[in-house]
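Peer 1: Below is one structure. I have some questions about it.
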Amino acid sequence: MIKTKQLLFSFIVLGFLVSCKEIKKEQVQNEPEMEGMPKLEVSENGHYFQTKEGKPFFWLGDTGWLTFNKLDRDEIKKYFSDRKDKGFNVIQIMTIHSLPVANVYGDSALVAQDLSKPLVTEGNSFENANEYDYWDHVDYALDVAKEEGLFLGMVPVWGSPVSDGKVNLEQAKAYANFLAARFKERDNIIWLVGGDTYGNENTEIWNAIGSILKANNPERLVTFHPRGRTDSSDNFHNENWLDFNMFQSGHRRYDQDDTERNYGEDNYKFVQVDFNLKPTKPTLDGEPSYEGIPQGLHDTLQPLWNDNDVRRYAYWSVFAGAAGFTYGNNHIMQMHENHSKPEAYGSKTYWVKALDAPGATQMQYVKKLMLKYPYFERVPDENLVANQGEKYDYKSATRGDGYAMIYVYNGKTISVSMGKIKGENVHAGWYNPRNGKTTDIGVFKNEGVQDFKPSGEAVDGNDWILILTSK
């Protein structure tokens, strides 16, 4: 009898365990599949980005230009994880920097340095060196980026090989078709045609690459990354393949600018031009002055651009109506290795150490501020400022129906023309772009001209954002 009871009990327990296993199996089968990256598109008003579901997407980019060829798999994980933690959502990378390019494992990207002949091996096993090639490494980076929720802004081929005459039209077409086919199912790619090059040179090649990528991957956003102090809108604004504009405000000071535009450091002026173009397309600064790089770029004895300058470029351009902003760091953009030998532009800092540069940490507060208020109704409005100045005295301003924001770079008084947003009264506060904290000021009548003086001295780098909200 005892044995019978024990046997019966064993069957009951076994049945219970099997039942639990079946329930667990059913639960796993019924779990929704991992969602892909949000599909990005241009907002209805044409000025900004949004997801397919209509949610705002504020582009916060970083320039990790040499990621594919200088970082190993563990370093890619480290870099992408850090950037996700700091609020970045786009990493700009050169797919091919130069025709002889190889990755950290010694895998060349091309056969005989011919752009039309990508070097592809069968298989993709990292454990088998004969299978894992340059393009498998790119795939790996895309996988890691997707895990972190990052888009990769991939430049198909940097401008220099094209401008040097090492790429012809037919090679460019063959290469673009290869990219379009290989990465057709990748939902976290944004294509940046060009790459620090003039759009009025080799225009036929850039149009061919852009057209092929867009025709084969119509859901992927495409733009053109231009030379310093130029804009994609200069040559490609009316091209069907160009979804949004990108300009490079560059690395020069006011007194170093010898271009016809002569914008100097006023990157917001690019935005002002693009914002009023037809058809309406988003625009953003895809390469402003990098943190830690010499002013003027090439003379390493010049002062270095710092986090104050990075913040100024960000708020000036975004408040002027840009759809986002790309940060850059001298040491990260070239992935400076861990040694004391200087690399390009005088870099002596290991890229991992540069991850925590002040400007990189502070960029998240730009995105957080922009997404805090109704996003798609936001417009630039310089008329908010009654005491507008030039150069470092310039005050950028933006507003919606019930809010307004004004950025001052040097701690000077902002005289506000009130009545630009709704309400008889407004609540005022100072937003600190260094830490993202807001200090309340009080409630004010929404009429006349009202002066607001931020705390601290009137010196460059003592920057603040005045925020007014309707009461």
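Any read-out appearing in this document is the output of simple, stated calculations on the displayed coordinates, not a laboratory observation. Note that the structure is predicted; figures quoted are calculated from it, not measured. For neighbour counting, all protein chains shown are included, and Cβ atoms are generated from backbone atoms with ideal geometry for every residue, glycine included.
Peer 1: Mind listing which trypsin sites (Lys or Arg not before Pro) in the stretch 139-200 are in a DSSP loop and have 15 or fewer other Cβ atoms within 10 Å?
Peer 2: Filter output for the stretch 139-200: Lys166, Lys184.
Peer 1: Give me the net charge for the shell around Phe183: Cβ to Cβ below 14 angstrom, other residues only, Lys and Arg +1, Asp and Glu -1.
Peer 2: Taking every other residue near Phe183 into account, the sum is 0.
Peer 1: Only sites in a loop by DSSP and with at most 13 other Cβ atoms within 10 Å count here; which trypsin sites (Lys or Arg not before Pro) in the stretch 376-454 make the cut?
Peer 2: Here the sparse-neighbourhood loop sites are Lys422, Lys437.
Peer 1: What residue among Gly411, Phe444, Ala397 has its Cα farthest toward the positive end of the dipole of the stretch 381-470, where the charges are +1 on Lys, Arg and -1 on Asp, Glu, each on the Cβ?
Peer 2: Phe444
Peer 1: For the pair Asp85/Arg253, report the inter-label distance in nm, with labels modelled 7 Å from Cα in the Cβ direction.
Peer 2: Distance between label points: 3.6 nm.
Peer 1: Hey, another quick one. Starting from 0.36 nm per residue, how many nanometres of slack lie between Ala344 and Thr413 once their C-alpha separation is accounted for?
Peer 2: 20.8 nm
Peer 1: Report the semi-axes of the equivalent ellipsoid for the stretch 381-470 in whole Å, largest first, where each axis is √(5λ) for an eigenvalue λ of the Cα gyration tensor.
Peer 2: They are 20, 15, 11 Å, listed from largest to smallest.
Peer 1: Order these by the 10 Å Cβ neighbour count, fewest first: Leu152, Leu284.
Peer 2: The most exposed by this proxy come first: Leu152, Leu284.
Peer 1: Pop a pseudo-label 7 angstrom from the Cα along the beta-carbon direction at both Asp440 and Glu337 and give the gap in nm to one decimal.
Peer 2: Result: 5.6 nm between the two label points.
Peer 1: Based on C-alpha coordinates, I'd like the Rg and Dmax of the chain, in Å.
Peer 2: For the chain, the Cα-based Rg and Dmax read 25.7, 102 Å.
Peer 1: Based on the Cβ-Cβ distance from Asp393 to Thr469, what FRET efficiency comes out when R0 is 22 Å, to the nearest 0.05?
Peer 2: 0.30
Peer 1: Could you work out the relative contact order of the stretch 45-372? I mean the mean sequence separation of Cα pairs under 8 Å and 6+ apart, divided by the number of residues, in percent.
Peer 2: 17
Peer 1: With 27 Å as the limit, write out which pairs from Lys146/Lys353; Lys52/Lys422; Lys84/Lys437; Lys214/Lys368 have Cα-Cα distances beyond it, or answer none.
Peer 2: In this structure, Lys52/Lys422; Lys214/Lys368 lie more than 27 Å apart at Cα.
Peer 1: I would also like to ask the following. Extending each Cα 7 Å along its Cβ direction at Glu75 and Thr300, get the distance between those two points in nm, one decimal.
Peer 2: So the two model labels end up 1.9 nm from each other.
Peer 1: Hydropathy first: keep DSSP H helices in the chain averaging at least -0.5 on Kyte-Doolittle, then drop any whose Cα extent along the axis falls short of 15 Å, and list what survives.
Peer 2: Qualifying helices: 2-30, 169-182, 203-216, 358-372.
Peer 1: So, one more: Neighbouring Cβ atoms within 10 Å as the yardstick, rank Val162, Val385 fewest first.
Peer 2: Fewest-to-most ranking of Val162, Val385: Val385, Val162.
Peer 1: In the stretch 354-446, which GluC sites (Glu not before Pro) are in a loop and have at most 15 other Cβ atoms within 10 Å, using DSSP for the loop call?
Peer 2: Here the GluC sites (Glu not before Pro) that fit, given the DSSP loop and packing criteria, are Glu377, Glu390, Glu424.
Peer 1: A further question follows. With charges only on Cβ, +1 for K and R and -1 for D and E, what is the dipole size of the chain about its Cα centre, in debye, rounded to 20?
Peer 2: 1440
Peer 1: Using only Cα atoms, locate the centre of the stretch 170-207 and the centre of the stretch 366-428, then give the distance between them in Å, rounded to an integer.
Peer 2: Comparing the Cα centres of the stretch 170-207 and the stretch 366-428, I get a distance of 38 Å.
Peer 1: When Ser289, Ser81 are ordered from fewest to most other Cβ atoms inside 10 Å of their Cβ, what list results?
Peer 2: Ordered from fewest to most neighbouring Cβ atoms within 10 Å, Ser289, Ser81 come out as Ser81, Ser289.
Peer 1: Another one. Once the Cβ-Cβ distance between Ser125 and Glu447 is put in as r, and R0 is 51 Å, what FRET efficiency do you end up with, to the nearest 0.05?
Peer 2: 0.15
Peer 1: Between Met37 and Asn240, 0.36 nm times their residue separation minus their Cα-Cα distance comes to what?
Peer 2: Contour length minus the Cα-Cα distance gives 70.7 nm.
Peer 1: Right, here's the next one. If I take R0 = 30 Å and measure r between the Cβ atoms of Asn45 and Lys368 in this structure, what FRET efficiency does the formula 1/(1 + (r/R0)^6) give, to the nearest 0.05?
Peer 2: That gives a FRET efficiency of 0.85.
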